[in-house]
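Novice: Got a structure for you, questions after.
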Amino acid sequence: KLGKTYDPSMVEQGWYDWWEYKGFFGSNSMDENHGKSTKNFTMLAPPPNITGNLHIGHALTLSIQDAIARWYRMSGHRVSWIPGTDHAGIGTQSVVERQLYKKKNLTRHDLGRENFINEVWKWRELHGNRIIEQMRRLGASLDWKNLFFTMDSPRSRAVTNAFVKLFNDGMIYRDTRLVNWCCALGTAISDIEVDYEVVPKQTFLKIPGHQESVEFGVLHKFAYPIADTSSGISELVVATTRIETMLGDCAVAIHPDDTRYKSLHGKEVIHPLLNKRMPIICDAELVDMQFATGIVKVTPGHDINDYACARRHQLPIINILNKDGTLNENCGIADLINKDRFEVRKDIINQLQSLGYYRDKDVNHEMRIAKCSRSGDIIEPLLQPQWYIKCKDMQLRALQDVKDGKMQIQPSYHVEDWNRWLGNIQDW
């Protein structure tokens, strides 16, 4: 008896198992003489992250690829459409950590490395298998004999081999640079994994790992006393949204054309808390004469623009933060070592006020806040050793090959995007 409504489960049940049993999805064609075929078509299904379930975007991609795979089979090709799942390292770690804290009130530090890795593998078994089952339910004609996971043994060996070959060929190198550091996850993240939130004025935000909300959208002003007051100027007032980083300052910058400070060229200031002398430098790239006081504190260990300035002027680069966001011994104040960077703000302000160097704060300062897309923590520019791949030679070849017609980009209007991206590429 025919049902009143269409029930796909009744119609689809058993068909997929029969297709697999008949071997329709392996490296073959629908041609009876497929064994004699010399035409091969291989395609990789973009491996979904094991951080959750498939969504409509995955369904769209799989549907398009399935149509392509089936067409090539019917055209007499030996087709292998290869399925797999992606370990999604940082994303999976973040999801597993949230689940652990929610269900057991535990962190990865409570468990220890080995036990936490076991929890991650349990997650992979659960969600990796669920994703594979969803692919089957979609009817995707995948070559399941070649199923892979991005951290299985063959893939791990391939990564190691590729890394060693790139190193031997001089294509990769290790360097210490400022990176986007997530203190909550304890890892560097790429630019595309950084989200930005704009606050128009004083705003208190909840940050992972902090019970109290943290203040943003505020511009603190404090003074650096001039070492030699013969110029008639006794202090320089700087403005900053991250007053805790003043412990990593190595200079104060002014604009070379700013007439207010002409008499200070080549002079020095004294750090109000560390009692050390720092140079007053002239830098037209870093300083905007119209912004705040027209004076910039230079903290190259914790700001990308200051880092570039320090390279131009051969200034020392001081990192005052540990990887967990607490202050290290470079901060110069023993009582603040191992205290969280946001808690230290209050201590810095209190000390500056007691010494008479804190001026005021602007609570209506629009601020663009960089946050980790995975954890929601505030991104810290941090000096860390990382591996980089040299992009210059590849960049030139890729641009030239498209220009000479050796490689075509379809639709052709994307050539402009290709040129724009590669024209600004940095070692990655």
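Novice: Go through the range 254-263 residue by residue and turn each phi into a ³J(HN,Hα) via Karplus (6.51, -1.76, 1.60, θ = phi - 60°); whole Hz please, and just put x for glycine and proline.
Specialist: After applying 6.51 cos²θ - 1.76 cosθ + 1.60, I find 10, 7, x, 9, 6, 5, 5, 10, 4, 6 Hz.
Novice: Explain nothing, just the number: dipole magnitude of the chain about its Cα centre with +1 on each Lys and Arg Cβ and -1 on each Asp and Glu Cβ, in debye rounded to the nearest 20. Present the calculation step by step, with values, prior to reporting the outcome.
Specialist: Values: 53 positive and 53 negative charges, 228 e Å.
In total the dipole reaches around 1100 debye.
Novice: Stretched out fully, how many nm does the piece from residue 17 to residue 104 gain, at 0.36 nm a residue minus the Cα gap?
Specialist: Result for the pair: 27.4 nm of gain on full extension.
Novice: What Cys residues in the chain have no fellow cysteine's beta-carbon under 4.7 angstrom?
Specialist: Singleton cysteines: 183, 250, 282, 309, 331, 391.
Novice: Report, in degrees rounded to the nearest 10, the 0 to 90 angle that the Cα long axis of helix 304-313 makes with the longest principal axis of the chain.
Specialist: Around 60 degrees separate the two axes.
Novice: Using DSSP loop states and a limit of at most 14 other Cβ atoms within 10 Å to flag GluC sites (Glu not before Pro), what is the longest stretch of the chain containing no flagged site?
Specialist: On the way: sites that count: 32, 212, 285, 366.
Value returned for the longest uninterrupted segment is 33-211.
Novice: Ok, one more. In debye to the nearest 20, how big a dipole does the range 203-284 give about its Cα centre with +1 on each Lys and Arg Cβ and -1 on each Asp and Glu Cβ? Please list the in-between numbers first.
Specialist: Working: 8 positive and 10 negative charges, 10 e Å.
Roughly 40 debye, rounded to the nearest 20.
Novice: With θ set to phi - 60°, apply the Karplus curve 6.51 cos²θ - 1.76 cosθ + 1.60 along the range 213-228 and write out the HN-Hα couplings as whole Hz, x wherever there is a Gly or Pro.
Specialist: Computed from phi, the couplings for the range 213-228 are 5, 10, 7, 9, x, 10, 10, 8, 10, 9, 10, 9, x, 6, 5, 10 Hz.
Novice: Still on this structure, I have one more. With θ taken as phi - 60° and the coefficients 6.51, -1.76 and 1.60, list the Karplus ³J(HN,Hα) couplings across the range 9-22 in order, rounded to whole Hz; mark glycine and proline as x.
Specialist: 5, 5, 6, 7, 4, x, 5, 5, 4, 5, 4, 5, 4, 7
Novice: Another question, if that's okay. Using a simple charge model, +1 on the beta-carbon of Lys and Arg, -1 on the beta-carbon of Asp and Glu, nothing else, what dipole does the range 1-160 show about its Cα centre, in debye to the nearest 20? Working shown, then result.
Specialist: Numbers: 22 positive and 16 negative charges, 27 e Å.
For the range 1-160, the charge dipole is close to 120 debye.
Novice: Counting other Cβ atoms within 10 Å, which trypsin sites (Lys or Arg not before Pro) in the range 127-205 have at most 16 and lie in a DSSP loop?
Specialist: On the way: sites: 130, 136, 137, 145, 155, 157, 165, 174, 177, 201; in loops: 201.
Here the trypsin sites (Lys or Arg not before Pro) that fit, given the DSSP loop and packing criteria, are 201.
Novice: Just tell me which lysines come within less than 24 Å, Cα to Cα, of residue 4; anything on the same chain fewer than 8 places away is out.
Specialist: Partners within reach: none.
Novice: While we're looking at this one, here's another question. Non-local amide H neighbours of residue 183 (under 5 Å, H modeled in plane, Pro and chain starts lacking H): which ones?
Specialist: It is 380, by chain and number.
Novice: Related question: Using amide H atoms built 1.01 Å from N in the peptide plane, name the residues 5+ places from residue 269, or on other chains, whose amide H lies under 5 Å from its own.
Specialist: 227, 278, 280
Novice: Amide H of residue 359: which non-local residues (sequence gap of 5 or more, or other chain) have their own amide H closer than 5 Å, using H built in the peptide plane?
Specialist: 221, 222, 223
Novice: Rank-order 276-282, 287-293 by packing density, defined as the average count of other C-beta atoms within 10 Å over each peptide's residues, highest first.
Specialist: Working: 276-282: 16.9, 287-293: 14.0.
Highest-to-lowest ranking by the protection proxy: 276-282, 287-293.
Novice: What is the Cα centroid distance between the range 248-289 and the range 100-147, reported in whole angstrom?
Specialist: Centre-to-centre distance over Cα atoms comes out at 54 Å.
Novice: Report the full-extension gain for the segment residue 130 to residue 229: residue separation times 0.36 nm, less the Cα-Cα distance, to one decimal in nm.
Specialist: Values: separation 99, 0.36 × 99 = 35.64 nm, distance 7.17 nm.
My answer for the length gained is 28.5 nm.
Novice: Another one. Quick one: among 48, 272, 154, which has the greatest mean-square fluctuation in a GNM of the chain with alpha-carbon springs under 10 angstrom?
Specialist: Result for the chain, Cα springs under 10 Å: 154 fluctuates most.
Novice: For the chain, calculate the relative contact order in percent as a whole number, restricting contacts to Cα pairs under 8 Å that are 6 or more residues apart.
Specialist: Details: 682 pairs, mean separation 68.6, N = 428.
For the chain, the relative contact order is 16 percent.
Novice: How far apart, in nm, are the 7 Å Cα→Cβ label points at residue 305 and residue 422?
Specialist: 3.2
Novice: So which of 39/406; 221/297; 323/371; 102/122; 221/346; 201/221 end up more than 20 Å apart, counting from Cα to Cα? Please report the intermediate quantities before stating the final value.
Specialist: On the way: 39/406 23 Å; 221/297 11 Å; 323/371 16 Å; 102/122 16 Å; 221/346 14 Å; 201/221 16 Å.
Check vs 20 Å cut-off fails for 39/406.
Only the coordinates and a few stated rules stand behind these numbers; no lab work does. In this text, all values refer to a predicted model and were calculated from it rather than measured experimentally. Quick reminder, even Gly has a Cβ in these numbers, built from the backbone with ideal geometry, and neighbours come from all protein chains shown.
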